[in-house]
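Report on one structure; see the data block that follows.
The values are calculated or read from the model by the stated rules, or taken from the named source; none is laboratory data. For clarity, every value in this text was computed on a predicted model and none was experimentally measured. Positions of Cβ are generated from backbone atoms using ideal geometry, with glycine treated the same way; all protein chains shown enter the neighbour counts.
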Amino acid sequence: MASSSPSVAVVILAAGRGTRMRSERAKVLHTIAGKAFVLSVLDAGMALGPTRIAVVVGHEAAEVQRVCVEHLMRRGVDIPVAFPLQVDQRGTGDAVRAALPVLEGFEGDVLILCGDVPGLRAETLRTLVARHRVTGATLSLLTATVDDPTGYGRIVRGTDGGLRAIVEDRDLASSERGIREINPGIYCVRLGFLRPALGRLRADNAQREYYLTDIVAAAVEAGEAVEIVPVADAGEVAGINSREDMARMEERVRRELVERWMREGVTLHDPATAYIDEDVRLGSDTEIGPNTQLLGRTSIGRGCRIDGTALLRDATIGDRVHLRLGVVITECEIGDDVVIGPFAHLRPGTILEKGVHIGNFVETKKARLGAGTKANHLTYLGDTDIGSQTNIGAGTITCNYDGFAKHRTVIGDRVQIGSDTQLVAPVSVGDDAYVGAGTTVTQDVPSGSLAVSRTPQRNVAGWVERFRARAAGSKKTPVAKRKPPRVAGRAPRVKAERRGKS
Ligand code: UD1
Ligand code: CA
């Protein structure tokens, strides 16, 4: 972590509800590429090596704090992070005020960041702080020039071109409406100025709120040095207020991630339909086909092939794995050289060791399959532990649920499970055992034995001819007038035979 600015403190404003999102959740908990807005801002701030961080919370305070703390713990961050509470959301100025107790005893510059600017890069913050330091400004802020400034505070300059004030969208005079230079809400302020300036804020505006932006005019009026740092790429500092804003940002971040992975040696056959979350890791020479979603903390090794139409969430995939078309994999561990699909569903707790084959229409859940084991067709394997080099025949079902509890099926090494087998758990099949096709396994199968449970087959000679003759006869006679079968007692038996053959 580069510490180019030793005495900077970071304050992140994350207490607002985000009314325009029309959501039950706090705005800053919404995600872009799987990452909550507030975490992207937090990461950008942390990259500057601040001596302390305050995340101001309010709406869903506990949840925002939990998400941040979990993230910090995962990153192993040792910077002290406080979560001051802004009880009523009375504006951005009021929010910074809530953070002041955290800055007690601190001297220096405070970097104030809005929690709803998830595209923000650490590099841009470094530039802001560097300019602030080099010019010796009291207050420095980023600005951006955009095509549609609606909703943003505008940078109002005097006739000499110098900054005069930031005016919120709702408080604009009609002459100011055309201003396209906006305030992204990212500031670096000397604490010695900030503290009293916040004390003097008044809520005399359209929203009856304490605007942080008013400290800018206050600094100008007091003759303090104010530095403007324009950003070249306005998209980076776009604030997310609505679902439309979010979709635009998502597209931008997604494109960046996809380009990054291509630079790292990953082939993307259709970057436009690759959805790769921020925390995903990919090995080089892995090839990704169209319409692939790699989500959460998914990690994929080297030389893998994903044919396409795949959704992986929190999955760990080894090297040289081939995912054929149409797989859904959630919270699974997949070893090297495994082949999965087409059309397979691997649910949480699945562990596939090296070289396992999972074929079409196979579902697994809490299932470990040892090295080289195959389940190639139409199978459900749940709550099961299967050894290595075992073959699971087509249509095998582990009957793991009795309506109350789940039970385990244990299958050994080099086992042959015949097609259309049901394993009624809890049950085990020993090493090298065979289970005959169509068996319902209800008792443990010892190693090396054959288990078979089948009703003996009976062939009824000439049955088809008799059946067809009878069927042809009944077709000519309307149903209501049909005679009862010639030999009434035999009818059910014929039915039973038909069922048995289908
Ligand atoms: C704010 C700026 C505006 C700027 C825009 C950039 C003010 C008055 N306006 O407007 O000039 O162009 O950001 O995106 O600062 N928050 C709190 N407590 C509150 C209110 C807000 O913590 O009482 C937090 C929100 O959670 C959010 C951030 O502050 O993360 C910005 O709040 P928001 O309501 O989105 O401000 P804007 O209207 O976008
Ligand atoms: Ca905003």
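Within segment 216-251, the residues that satisfy the criterion of being among the β-branched types (V, I, T) and either within 20 Å of S140 (Cβ to Cβ) or modelled with pLDDT under 95 (or both) are V216, V220, V226, I228, V229, V231, V237. Each residue in segment 8-27 was checked for being touching a Pro at 6+ places or on another chain (Cβ under 7 Å) and over 14 Å from I112 (Cα atoms), and 0 pass. Can you find, within segment 263-276, the residue that is nearest to ligand 2 (Cβ to nearest atom) among those that are surrounded by 15 or more Cβ atoms within 10 Å (Cβ to Cβ) and hydrophobic (A, V, I, L, M, F, W, C)? Filtering first and then ranking leaves I276. The residues in segment 380-417 that are at positive phi and either among the acidic types (D, E) or crowded, with 19+ Cβ neighbours inside 10 Å (or both) can be counted, and the count is 1. A Cβ distance below 6 Å, combined with a sequence gap of six or more or placement on separate chains, defines the contacts here; from segment 14-27, residues that are over 11 Å from E60 (Cβ atoms) reach residues that are in a loop (DSSP other than H, G, I, E, B) and within 8 Å of ligand 1 (Cβ to nearest atom) in the pairs R20/N241.
In this structure, Y152 qualifies as modelled with pLDDT of 95 or more, within 11 Å of ligand 1 (Cβ to nearest atom) and within 30 Å of the chain's Cα centre (by Cα). Got at least one residue in segment 5-19 being within 12 Å of ligand 1 (Cβ to nearest atom), over 26 Å from A247 (Cα atoms) and surrounded by fewer than 16 Cβ atoms within 10 Å (Cβ to Cβ)? Taking every residue of segment 5-19 in turn, none turns out to be within 12 Å of ligand 1 (Cβ to nearest atom), over 26 Å from A247 (Cα atoms) and surrounded by fewer than 16 Cβ atoms within 10 Å (Cβ to Cβ). Of the strands (runs of 3 or more DSSP E) lying entirely inside segment 148-249, those carrying at least 3 residues that are away from ligand 2 (no atom under 13 Å from the Cβ) and crowded, with 17+ Cβ neighbours inside 10 Å are 153-157, 163-167, 186-190, 226-230. Entry remark, segment 187-215: residues being of a type in the set (V, I, T) and either touching a Ser or Thr at 6+ places or on another chain (Cβ under 8 Å) or at pLDDT below 95 (or both) number 2 in total. Selection of segment 437-455 for residues being more than 18 Å from V410 (Cβ to Cβ) and of a type outside the set (A, V, I, L, M) yields G438, S453, R454, T455. Scanning segment 402-427 for residues that are in contact with a strand residue (DSSP E or B) (Cβ under 8 Å, 6 or more places away or on another chain) and either of a type in the set (V, I, T) or at pLDDT below 95 (or both) returns T409, V410, I411, V415, I417, T421, V424, V427.
Scanning segment 131-145 for residues that are more than 10 Å from ligand 1 (Cβ to nearest atom) and farther than 15 Å from A225 by Cα returns a single hit, T145. Strands (runs of 3 or more DSSP E) fully within segment 373-436 that include at least 3 residues being under 25 Å from D336 (Cβ atoms): 374-386. Applying a threshold of 6 Å to beta carbon distances and a minimum spacing of six or more residues, or different chains, the list of pairs starting in segment 237-261 at a residue that is within 22 Å of I112 (Cα to Cα) and ending at one that is aromatic (F, W, Y) and near ligand 1 (Cβ under 10 Å from one of its atoms) is empty.
Give segment 302-340 a look and list any residue that's assigned to a loop (DSSP other than H, G, I, E, B) and over 19 Å from R368 (Cβ atoms), or say none. If the condition is that a residue be assigned to a loop (DSSP other than H, G, I, E, B) and over 19 Å from R368 (Cβ atoms), then R302, G303, C304, D307, G308, T309, D319, R320, R324, L325, G326 are the ones that fit. Checked against the criterion of being polar (S, T, N, Q) and farther than 24 Å from T150 by Cβ, segment 258-267 contains one or more residues that satisfy it. Are any residues in segment 155-173 within 21 Å of L194 (Cβ to Cβ), within 10 Å of ligand 1 (Cβ to nearest atom) and not hydrophobic (A, V, I, L, M, F, W, C), and if so, which ones? Answer for segment 155-173, where residues must be within 21 Å of L194 (Cβ to Cβ), within 10 Å of ligand 1 (Cβ to nearest atom) and not hydrophobic (A, V, I, L, M, F, W, C): just E168.
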